[in-house]
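Shown next, in structure tokens, is the structure this report addresses.
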Amino acid sequence: MKVQSAKIGVEVVRSKGDYVVGRVGTIIDLDLIKNRAQVKWSLDPKSWVSFDSLELTSIPYKINPSYQKNDRYKTWVNPKYVKL
């Protein structure tokens with residue numbers, strides 16, 4: 001997400017991270033010095049997130065869900081954000 005498109009009240013989705021990819025929330029505060037936004041998530045409390053880890057929900061996207069890659073070894077694969 002570019003700094004210019006970050007505004008308070010804009011709905012965003014988490015595009016990078018581990019199991020948190022795909023969370024949707026609303027920007028409630030900006031820290032332009034550290035290039036991050038405070039986001040109030042729909043189900044979780046608020047947190048500070050880098051602009052690089054956020055995308056606007058208005059841009060078409062899909063989340064490939066997490067799953068276990070191999071039942072024998074229980075390999076975990078985190079969800080992936082994909083722009084359409």
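Just so you know, all these numbers are worked out from the coordinates, no wet-lab data involved. Everything numeric in this text was worked out from a predicted model, so none of it was measured. As a convention, Cβ positions derive from the backbone with ideal geometry for all residues, glycine included, and neighbour counts pool all protein chains shown.
Assorted remarks:
- Residues within segment 15-71 that are assigned to a strand (DSSP E or B), among the polar types (S, T, N, Q) and in contact with an Asp or Glu (Cβ under 8 Å, 6 or more places away or on another chain), tallied: 2
- Taken together, the criteria exclude residue 57 from residues that are among the β-branched types (Val, Ile, Thr), surrounded by 13 or more Cβ atoms within 10 Å (Cβ to Cβ) and either touching a residue at least 60 places away in the same chain (Cβ under 8 Å) or farther than 19 Å from residue 83 by Cα (or both).
- Screening segment 18-43 for residues that are surrounded by fewer than 17 Cβ atoms within 10 Å (Cβ to Cβ) and touching a residue at least 60 places away in the same chain (Cβ under 8 Å) and picking the one that is farthest from residue 67 (Cα to Cα) gives 18.
- Conditions (1) aliphatic (A, V, I, L, M); (2) outside any strand (DSSP E or B); (3) out of contact with any helix residue (DSSP H, G or I) (no Cβ under 6 Å at 6 or more places or on another chain): number failed by residue 82: (2)
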